[in-house]
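Student: Sending over a structure as structure tokens; questions will come in a sec.
The values are calculated or read from the model by the stated rules, or taken from the named source; none is laboratory data. From a predicted model like this one, the values you see are computed outputs, not experimental measurements. Every residue, glycine among them, receives a Cβ derived from its backbone with ideal geometry; neighbour counts consider all protein chains shown. Just the protein is used for accessible areas: all its heavy atoms, side chains included, with ligands, DNA and RNA removed. Shrake-Rupley method; radii C 1.70, N 1.55, O 1.52, S 1.80 Å.
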Amino acid sequence: MEYRPQEIESRWQKYWEEQGMYSTQEKPGQPKFYVLDMFPYPSGAGLHVGHPLGYIASDIMARYYRHKGFCVLHPMGFDSFGLPAEQYAIQTGRHPSETTRENIERFIRQLKLLGMSYDWDRMVITSDPSYYRWTQWLFIQLFNHWYDRRAQKARPISDLVEIFSRQGNQGYHEQLLTGNVEGLEPIFSASDWTGFSEKTRANILMHYRLAYQSFAYVNWCEALGTVLANDEVKDGVSERGGYPVERRLMRQWFLRITEYADRLHKDLDDVDWSDSMKEMQRHWIGKSEGLLLRFPIQNGPHQEIEVFTTRPDTVFGVTFLTLAPENELWRRITPASHRQNVEEYCASVLHKSERERQADVRHVSGVFTGAYARHPFSGENIPVWVSEYVLGGYGTGAVMGVPAHDSRDFRFARHFNLPVLQVVVPPGQTTGRDLSEAYEEKSGYLVQSGFINGLSVAEAMEAVIQEAEAKGIGRRQVNYRLRDANFSRQRYWGEPFPVVYDSQGIAHTLPPAELPLELPPMEDFRPTGKPESPLAKLKDWVHPAPGITRETDTMPGFAGSSWYFFRYMDPHNPHAFASREALDYWQQVDLYIGGTEHAVGHLLYARFFTKFLYDLGLVPCHEPFRKLLNQGMIQGRSNFVFRLKGENTYVSKNLAPQYDTVRLNVDIRCVKDDILDVEAFRRSVPDAAHAHFILEGDRYVCDWEIEKMSKSKLNVVNPDDVVAQYSADTLRMYEMFLGPIDQSKPWSTSGIEGVFRFLRRVAALTDLVDFQKAAPEDAELRILHKTIKTVTKDLENFSFNTCVSHLMIGQNGFSDLKSIHPDTLAQYVVLLSPFAPHLAEEIWHFLGCEGSVTQASWPLYKEEFTKEASIIYPVSFNGKTRFTLEVAADTQPSELETKALNDPRAQRWLEGRQPKKVIVVPGRIVNIVM
RNA sequence: GCCCGGGUGGUGGAAUGGUAGACACGCAGGACUUAAAAUCCUGUGGCCCACAAGGCUGUACGGGUUCAAGUCCCGUCCCGGGCACCA
């Protein structure tokens, strides 16, 4: 058989589609396997060869598990809401619904071309109302639930209302403290609650809801007339245009993911992810244990400053306290004499953008408030400062300054000439030296520290916490770095919030029957020029009834992508986000494949949504993704030309240093082996049509660099072109053959020929098939069973590149035979089928096998055929291999030892001496120690 | 600065502590061909040796553990990724 990929690939793709080969039917009693690719955003650029890397791997696993008899769910869909889609639409001057539809169609066509075994009937699209109806429903659930810290789970907000009317918020007040309801005592009674106005009650409940409103800064860009996302702001100015960006405080929606911090941290133990991935999440959650300690204000208003520290042992080394500028407490403690100073300082800091504040992290600034606190243990006066190095959003927004043992406090103290008091001495050293830097190690013993003198750091930490708790001035506390998730975007292309405000401004969610709240069509969805969503322009939509106002913000990209994996289980269900039966059957994703760029965003939100639904008893698993496999990136290899500045002349790379040039990306389609095809270049770049070229000899040499594959760098390789030139099966196998799946590597076509040749040789194996042959010969069975064994083992380990090698070794073996029994080739073709499904199917039918190869059983190997009759042992002296010795496989170690020592070749190394020791590792090696 | 990965032929890469370089690309030589392409065969880490036989050397660098180290331990350098005032 000759290998004619164009012909066979379209034939079998059509066949699979007609037969509904990949549509998934839940089969109770059959084991299931759910393999999922990370949700792609359908960009306008289409797929490049980097995208399919993970898709091919997941498709291979999906096919492998089908062969193994599993019921496989392998869906694909599109994360089509969000900022990139909106920007792409604005750029192209077309409506996002239109561009999104086109882009999705292009993606589907490209994926089908690769022979992916997705069940397209289950496709979900986040911008489709039948999908986002359930995103909105989920938001309403979050709004209607609060997190009970005692029970460590979400409960209906109605339970909380009942608790309040029965006993007030006693025991549940801590959650309120973090929110600061204006003019409210932190603890209220049942009678207080019944006395509160409706508005006040709504405000209080807002501090408990898992989806809640609060105030947050947005990046408002006056010049562009829009709010910018954080990644659209660079160095305090807009990335586009470089206009100034100002921070504006706005009421926005948040998700209280922080309540789940501990479970998100702890449950990482239950998933099979790479250590680095888990580490990234753990670090992002940032769990730290320590002490919450109160310092009363001295000679002033009755106030306390609460600080959080992870080093309670250093409490006697405190020489100042520092508040974050965001911490409003300074207003209450700053005496009139210092007021203006502090106010000016805080205003200047708060005016800076997040980026600006981060940009000069090393710069020390601050101001003394004029107030003093009393040290809770020593009773000494401690000055209170305000400084931007203290973060408003972490801990209590206040720290105890221990300059001797914290480098940030040290820098601050040195800058403002505050005393540095050493209280921890490194092991084996004595005190008294002047510190040139903070000693931050947690080893050593305590000095100048009252009741903890002489204790070790660990002992002192514990002692101080216990003492603080005993005296009622502090308590043990766990803090998290994780912040609540901002869920509002002032944009058009996203899910509208199913929320209206009444005349008092109280938020109400829509009744479920009114879902979906469809995104109203808008011709002009460009920015309004005000810090609000374009939806605000639709007056009729915003005011559906007198006194009623709609929320005009839309949801962020992660709203739809945080739960889509459940929808695939039951994608068309009009009554629920997924049926109980479907959820119970599919449980969770068994294998999730995607890039590491989603380490902390998507993966964390998806875990949070899952835990929330789990608390509600709606899903059976508390983790969405059991096994996570990260694929590496395929980078682009860019080429560059050098143009003389101000002239229409291009100079070859090695001559360029002699001129004043600009280095420009050149389309890699005009370049072969770094040599520019000048005519192609003239055709592709209008300006270059009449350009002059300075060559090296007769060639124009380009520079090159490995960069991210992107349209703007002109280095994109389109899979369609590779498929056209070789075949889909070639591309699939080649991407797998490139190296370990998790490694990043630049795209290069050197080597793709080898894979193509391999497939051609596999096709040629059909010429060796002898249909008259009574039974397979030993030689072919040996090749077959070894291949089954190695390919199976490597697939289980996701070692796709070595699978390809083993398939090649198998083919090399078969090609050397005179003839092959059809059964032998049929089994080999099943092994090939996950990688090269089209050719496998073609050969399967050539052999006259039943049905489709995609439904064939995975072959099992017989150990007897994988073992050789004889083993070639390397014989080494002192670890250096000197010769090899072939013996029967069942040779006993003692016999082997004798044979090795008596071998004539051994004499040269033995030189008549007795070996000290002989090591025989059966099946491996003989080592003679002299 | 801190936390993860990773450094193996000309190239991509392979190797449960047990013959380093599987499998491929490239290259060289050969067969077929009028010729080319395609295909097939042979060789291919480096060095010494006319060849062969054989030897030496070799997995970023320096030490160590072991009968045996690419693999384990300690230190150094380089590359990639993540985090970065989180008290």
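Student: Put +1 on the Cβ of each Lys and Arg and -1 on the Cβ of each Asp and Glu in segment A:868-929; which of A:915, A:926, A:893 then has its Cα farthest toward the positive end of the dipole?
Tutor: Checked the options; the winner is A:915.
Student: Let me have the relative contact order for segment A:203-353, percent, based on Cα pairs under 8 Å that are six or more residues apart.
Tutor: Computed value for segment A:203-353: 18 percent relative contact order.
Student: Can you give me the convex hull volume of the Cα atoms of segment A:89-180, divided per residue and expressed in Å³?
Tutor: About 205 Å³ per residue, rounded to a whole number.
Student: For residue A:458, what is the net charge nearby, where nearby means another residue's Cβ is under 13 Å from its Cβ and Lys, Arg count +1, Asp, Glu -1?
Tutor: -3
Student: Right, next: Once you list every other residue whose beta carbon is under 13 Å from the beta carbon of residue A:135, what net charge do they have if Lys and Arg are +1 and Asp and Glu are -1?
Tutor: Counting the neighbours of residue A:135, the net charge comes to -2.
Student: Another question, then. For segment A:1-140, what is the accessible area per residue in Å² when the probe is 1.4 Å?
Tutor: That works out to 36 Å² for each residue.
Student: What list of ³J(HN,Hα) values in whole Hz, one per residue of segment A:634-651 in order, does the Karplus curve 6.51 cos²θ - 1.76 cosθ + 1.60 (θ = phi - 60°) give from phi, with Gly and Pro shown as x?
Tutor: With the stated coefficients, segment A:634-651 comes to 9, 8, x, 10, 8, 10, 10, 10, 10, 10, 5, 4, x, 10, 8, 10, 10, 10 Hz.
Student: Please report the carbon-and-sulfur percent of the accessible area for segment A:868-929; probe 1.4 Å, protein heavy atoms only, DNA, RNA and ligands left out.
Tutor: 50
Student: Could you give the nm distance between label points at residue A:187 and residue A:707, where each point is 7 Å from its Cα heading toward the beta carbon?
Tutor: Distance between label points: 6.3 nm.
Student: For segment A:868-929, what is the convex hull volume of the alpha-carbon atoms per residue, in Å³?
Tutor: It comes to 70 Å³ per residue, whole-number rounded.
Student: Let me ask something additional. Just the accessible area per residue of segment A:248-382, please: how many Å² with a 1.4 Å probe?
Tutor: 46
Student: In what order, largest first, do A:191, A:58 sit by accessible area if the probe radius is 1.4 Å?
Tutor: A:191, A:58
Student: Starting from segment A:421-519, pick out the trypsin sites (Lys or Arg not before Pro) whose DSSP state is loop and whose Cβ has at most 11 other Cβ atoms within 10 Å.
Tutor: Passing both the DSSP loop test and the Cβ count: A:433.
Student: Placing +1 on the Cβ of each Lys and Arg and -1 on the Cβ of each Asp and Glu in segment A:288-479, which of A:430, A:384, A:461 has its Cα farthest towards the positive end of the resulting dipole?
Tutor: Farthest towards the positive end: A:384.
Student: Using DSSP to define loop residues, name the trypsin sites (Lys or Arg not before Pro) in segment A:690-743 whose beta-carbon has at most 11 other beta-carbon atoms within 10 Å.
Tutor: none
Student: Then there's this: Any of A:287/A:442; A:68/A:789; A:745/A:789; A:14/A:711 with alpha carbons more than 24 Å apart? Name them for me.
Tutor: Where the Cα-Cα span goes over 24 Å, the pairs concerned are A:745/A:789; A:14/A:711.
Student: Using only alpha-carbon positions, what ratio does the radius of gyration of segment A:634-707 give when scaled by 2.2 N^0.38 Å?
Tutor: 1.01
Student: Can you give me the relative contact order of chain A as a percent, contacts being Cα pairs under 8 Å and 6 or more apart?
Tutor: Dividing the mean separation by the residue count of chain A yields 13 percent.
Student: While we're on this one: How long is the gain from residue A:530 to residue A:339 if the chain were fully straight, where each residue apart is worth 0.36 nm and the alpha carbon distance is subtracted?
Tutor: Between residue A:530 and residue A:339, full extension yields an extra 65.4 nm.
Student: Per residue of chain A, what 222 nm ellipticity follows from adding -39500 (n - 2.57) for every DSSP H run with n ≥ 4, rounded to the nearest 500?
Tutor: -10000 deg cm²/dmol
Student: Do any trypsin sites (Lys or Arg not before Pro) in segment A:892-930 lie in a DSSP loop with no more than 12 other beta carbon atoms within 10 Å, and if so, which?
Tutor: When the trypsin sites (Lys or Arg not before Pro) of segment A:892-930 are filtered for loop state and at most 12 Cβ neighbours within 10 Å, A:913, A:916, A:924 remain.
Student: Name the residue farthest towards the positive end of the dipole of chain A from the options A:46, A:737, A:107, assuming +1 on Cβ of Lys and Arg, -1 on Cβ of Asp and Glu, about the Cα centre.
Tutor: Farthest towards the positive pole: A:737.
Student: With +1 on the Cβ of every Lys and Arg and -1 on the Cβ of every Asp and Glu, and nothing else charged, how large is the dipole of chain A about its Cα centre, in debye rounded to the nearest 20?
Tutor: That gives chain A a dipole magnitude of about 1120 debye.
Student: Compute the label zone of residue A:698 within segment A:640-663: residues whose backbone N is under 19 Å from the point 7 Å along Cα-to-Cβ.
Tutor: Counting backbone N atoms under 19 Å from the label point, the list is A:652-653.
Student: While we're here: For chain A, what log10 I(q)/I(0) values come out of the Debye formula at q = 0.07 1/Å, with one point per alpha carbon and no solvent?
Tutor: -0.81
Student: Taking all protein chains in place and a 1.4 Å probe, what share, in percent, of the accessible surface of segment A:649-773 do carbon and sulfur account for?
Tutor: About 49 percent, which is the carbon plus sulfur part of the accessible surface.
Student: Something else: Between residue A:11 and residue A:919, how many nm apart are label points set 7 Å from Cα along the C-beta direction?
Tutor: If labels sit at residue A:11 and residue A:919, their model points lie 5.7 nm apart.
Student: What translational diffusion coefficient, to the nearest whole µm²/s, does segment A:288-479 have by Stokes-Einstein, given a Kirkwood radius computed over alpha-carbon pairs, a temperature of 25 °C and 0.890 mPa s viscosity?
Tutor: 145
Student: Over 29 Å between C-alpha atoms is what I'm after, so list which of A:199/A:611; A:32/A:793; A:112/A:627 land there.
Tutor: A:199/A:611
Student: Roughly speaking, what is the stretch gain from residue A:214 to residue A:674, that is 0.36 nm per residue apart minus the C-alpha to C-alpha distance, in nm to one decimal?
Tutor: Result: 160.0 nm gained on full extension.
Student: Separate question: Please work out the average accessible area per residue across segment A:510-642, using the 1.4 Å probe convention, and give it in Å².
Tutor: On a per-residue basis, segment A:510-642 sits at 36 Å².
Student: Let me ask something else. Just need the relative contact order of segment A:620-743 here, percent rounded to a whole number, with Cα pairs under 8 Å and 6+ apart.
Tutor: Relative contact order for segment A:620-743 comes out at 33 percent.
Student: Then there's this: With each pseudo-label sitting 7 Å past Cα toward Cβ, what's the residue A:660-residue A:157 distance in nm, one decimal?
Tutor: 6.6
Student: What are the principal axis extents of the Cα atoms in segment A:783-930, in Å, biggest first?
Tutor: Principal axes ranked by extent give 67, 32, 22 Å for the Cα atoms.
Student: Using a probe of 1.4 angstrom, how much of the accessible area of segment A:155-298 is carbon and sulfur, in percent?
Tutor: 47
Student: Stokes-Einstein D for segment A:726-865 at 20 °C, 1.002 mPa s, Kirkwood Rh over Cα pairs, in µm²/s?
Tutor: Using the Kirkwood radius from Cα pairs, D works out to 140 µm²/s.
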